[in-house]
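All of the numbers you see were taken from the coordinates with simple rules; none came from a lab. Computed from a predicted structure; not experimentally measured. Cβ placement follows ideal geometry from the backbone for every residue including glycine, while neighbour counts extend to all protein chains displayed.
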Amino acid sequence: MQMQCYRQGASLYVYLDGELDEHTVAEVRARTDLLIDEHASASRAVFNLANVRFMDSTGIGYLIGRYKRLQRYGIGMFLENPNAGADKILSLSGVYTLMPKI
């Protein structure tokens, strides 16, 4: 799993590329948490999922965990460009009620 990020104004952008599952999520979780802590003054975080080729329940757990961490700082979380497979999983799980798709 590759992760790239940048900050533009009050928005933090996180681009994920690869498979978001039990084999990859630990490292990405740690890196993302550090990133969130470093950018605690952001007003929103946008997670781009266009290049996430596979996601299971571990991936959903990763997203919900980052949502909770962002909430502690008062930062809104949004999901951007999920592929068809990820979109279906996120819709069925109800994740979009917490973090809207933009």
Relative contact order of the chain: what whole-number percent is it, with Cα pairs under 8 angstrom and at least 6 residues apart?
-> 28
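Provide the percentage of antiparallel DSSP beta bridges, counting only those with both residues in the chain; round to the nearest 5.
On the way: 7 of 22 bridges.
If I count the DSSP bridges inside the chain, around 30 percent turn out antiparallel.
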Rounded to the nearest 10 degrees, the helix 57-72 long axis (Cα) sits at an angle to the longest Cα principal axis of the chain of 20
Distance between the stretch 11-46 and the stretch 65-102 - C-alpha centres, whole angstrom | 12
What angle, in degrees between 0 and 90 and rounded to the nearest 10, separates the Cα long axis of helix 84-93 from the longest principal axis of the Cα atoms of the chain?
-> 80
Counting other C-beta atoms within 10 Å, which of SER57, SER11 has the fewest, and how do the rest follow?
-> SER57, SER11
Which entry is the computed percent of Cα pairs over 20 Å apart for this structure: [x] 28; [y] 44; [z] 49?
-> [x]
Would you order LEU34, LEU20, LEU98 from fewest to most other beta-carbon atoms within 10 Å of each residue's own beta-carbon?
-> LEU34, LEU98, LEU20
Measure nothing but the geometry: give the 0 to 90° angle between the long axis through the Cα atoms of 25-38 and the longest principal axis through the Cα atoms of the chain, rounded to 10°.
-> 20
